[in-house]
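The values are calculated or read from the model by the stated rules, or taken from the named source; none is laboratory data. All figures in this text were calculated on a predicted structure; none of them were measured in a lab. Because the Cβ atoms are built from the backbone with ideal geometry, glycine has one as well, and the counts that use them run over all protein chains shown. Only protein heavy atoms, including side chains, enter the accessible area calculation; ligands, DNA and RNA are left aside. Shrake-Rupley method; radii C 1.70, N 1.55, O 1.52, S 1.80 Å.
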Amino acid sequence: MKVNVLLGLQWGDEGKGKIVDVLTPNYNIICRFQGGPNAGHTLEFNGIKHVLHTIPSGIFHDKTINIVGNGVVIDPIIFKKEINALEKMGVNVKSKLFISNRAHLILPTHRLIDAASETAKGKEKIGSTLKGIGPTYMDKTGRNGLRVGDITQPKFKEKYNFLVVKHKQILAVYKYSQDLKVLENEWFEAIENLKEFQHIDCEHYINNAINQGQKVLAEGAQGSLLDIDFGAYPFVTSSSTICAGACTGLGIPPTKIGNVIGIFKAYCTRVGSGPFPTELNDSTGEQMRKIGNEFGSTTGRPRRCGWLDLPALKYAVMINGVTELIMMKADVLSGFKSIKVCTHYNYQGEKIDYLPYDISTELITPIYAELKGWNKNLQDLNSVEDIPLELNEYILYIEKELNVPITIVSVGPDRKQTLIRSKQIVNA
């Protein structure tokens with residue numbers, strides 16, 4: 001048995017949470033392999049919207065184990081709030097949520113450093129969510145970090161204080177100060193809550209499960225174009241958001257990777273700063289934002305909107321080894337008379353069909369193909385046979401360009417508003 005990987009192919013916010021929730025009944029274990037509470041996975045069912053930040057999106061299914069892997073960074077305070085919200089809904093979280101001993105902890109001072117650093121950048125800020133993610137990963141790679149496994153060790157408080165002294169020195173450079181006492185009191189209360197959960201060596205747990213024939217789905221956060229190595233650096237996140245991140249974020253070998261399921265919107269969005277070749281700063285972009293309710297599930301920030309970018313999508317398919325695709329939010333484009341798709345870039349006077357090293361707006365002009373729109377409400381569709389001709393042509397066009405099948409089309413936020421075009425993904 002191999003691990004299937006599900007991840008975003010654009011700038012994040014593709015709708016991974018909904019699809020993980022839809023697919024969870026086919027799996028024994030759902031594992032989150034990277035990122036922190038800057039990610040917000042939105043799920044909707046029974047008329048209620050649920051937003052998860054750290055916990056895998058399979059948590060609402062009783063028979064599935066959920067694992068927060070070692071590649072994730074955890075804010076104990078946000079984690080505690082998330083748990084409380086789930087338990088109020090009657091979800092028995094503690095029986096089916098395991099946390100890797102090797103996952104790193106976000107300290108209150110990490111959040112302060114994040115805010116101080118972003119403020120110092122001024123107009124050059126990267127658009128951080130100010131959750132302390134970047135500074136936590138910096139301490140991880142700098143070999144200074146605190147991990148979940150440390151919280152039950154005798155010298156935990158000593159390690160904490162040592163790291164905070166370092167952080168205060170950094171904050172002094174920024175001339176940024178804040179009373180830590182209140183923040184620390186809440187944080188240590190949340191640490192006690194974190195102790196109540198099952199901490200595991202996830203690399204052993206998952207590999208043993210694979211060997212026993214259990215079905216495992218690895219869930220990514222953010223999107224491939226925000227990857228620390230292959231995204232639009234420096235306007236990226238601090239972890240490896242691509243398929244390779246599942247190996248380092250869970251402790252599984254590349255030979256154990258099975259299907260790679262790539263999720264993309266029928267158009268593009270981006271939150272925060274950074275280049276966005278197909279961005280629409282006009283009424284069309286505003287219409288997409290309004291219809292698609294394009295506001296960050298974690299921060300509430302309005303998302304920038306634009307047409308589908310095929311060179312960027314081809315790039316993400318390539319670096320992830322995507323075997324099947326899922327199109328999200330096809331319903332948002334209903335009513336547009338025509339749909340544009342970026343097929344090439346004019347890059348410094350040259351026509352190219354790939355994503356170059358530098359995608360600054362000054363260097364790139366998108367070249368578009370135009371397809372017919374569909375004037376039909378998709379949210380009540382029950383079958384792929386009901387998909388309007390124009391949408392079907394749009395789907396087939398993208399499949400041909402990417403040479404990868406689109407197995408699922410999402411036509412609304414609810415888990416029921418999901419059209420299966422191929423049983424391949426369901427039976428994986």
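Filtering the range 248-270 to residues that are in contact with a strand residue (DSSP E or B) (Cβ under 7 Å, 6 or more places away or on another chain) and open to solvent by 20 Å² or more (accessible area, probe 1.4 Å) leaves LYS256, ILE257, GLY258, ASN259. Please determine whether any residue of the range 189-211 is of a type in the set (Phe, Trp, Tyr), without any contact (Cβ under 8 Å) to a residue 24 or more places away in the chain and assigned to a loop (DSSP other than H, G, I, E, B). No: the range 189-211 contains no residue that is of a type in the set (Phe, Trp, Tyr), without any contact (Cβ under 8 Å) to a residue 24 or more places away in the chain and assigned to a loop (DSSP other than H, G, I, E, B). LEU226 meets each of the listed conditions (1) modelled with pLDDT of 95 or more; (2) surrounded by 23 or more Cβ atoms within 10 Å (Cβ to Cβ); (3) hydrophobic (A, V, I, L, M, F, W, C); (4) touching a helix residue (DSSP H, G or I) at 6+ places or on another chain (Cβ under 8 Å) apart from (4). Filtering the range 178-198 to residues that are farther than 25 Å from SER95 by Cα and open to solvent by less than 80 Å² (accessible area, probe 1.4 Å) leaves LEU180, LEU183, GLU184. Once the range 351-364 is narrowed to residues that are at pLDDT 95 or above and in a strand (DSSP E or B), the residue that is most open to solvent (accessible area, probe 1.4 Å) is LYS351.
Counting the residues of the range 287-302 that are open to solvent by 20 Å² or more (accessible area, probe 1.4 Å) and either under 27 Å from PRO37 (Cα atoms) or in contact with a Pro (Cβ under 7 Å, 6 or more places away or on another chain) (or both) gives 11. Taken as a whole, the structure places LEU333 among residues that are crowded, with 17+ Cβ neighbours inside 10 Å, within 28 Å of the chain's Cα centre (by Cα) and not polar (S, T, N, Q). Name the residue that is nearest to the chain's Cα centre (by Cα), counting only residues in the range 149-161 that are surrounded by 15 or more Cβ atoms within 10 Å (Cβ to Cβ) and of a type outside the set (Phe, Trp, Tyr). Across the range 149-161, the extreme among qualifying residues is GLY149. Of the residues SER338, SER422, SER410, the single one that is farther than 26 Å from ALA232 by Cβ, modelled with pLDDT of 95 or more and touching an Asp or Glu at 6+ places or on another chain (Cβ under 9 Å) is SER338. Filtering the range 223-235 to residues that are touching a residue at least 12 places away in the same chain (Cβ under 8 Å) and not acidic (Asp, Glu) leaves GLY223, SER224, LEU225, LEU226, ILE228, PHE230, ALA232, PRO234, PHE235.
Yes/no matrix, rows are residues, columns are (1) of a type in the set (A, V, I, L, M, F, W, C); (2) outside any loop (DSSP other than H, G, I, E, B); (3) over 17 Å from the mean Cα position of the chain (by Cα):
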{"residue": "THR269", "(1), (2), (3)": "no, yes, no"}
{"residue": "GLY272", "(1), (2), (3)": "no, no, no"}
{"residue": "PHE276", "(1), (2), (3)": "yes, no, yes"}
{"residue": "GLY285", "(1), (2), (3)": "no, yes, yes"}
{"residue": "LYS290", "(1), (2), (3)": "no, yes, yes"}
{"residue": "ASN293", "(1), (2), (3)": "no, no, yes"}
{"residue": "GLY300", "(1), (2), (3)": "no, no, no"}
{"residue": "CYS305", "(1), (2), (3)": "yes, yes, yes"}
{"residue": "LEU313", "(1), (2), (3)": "yes, yes, no"}
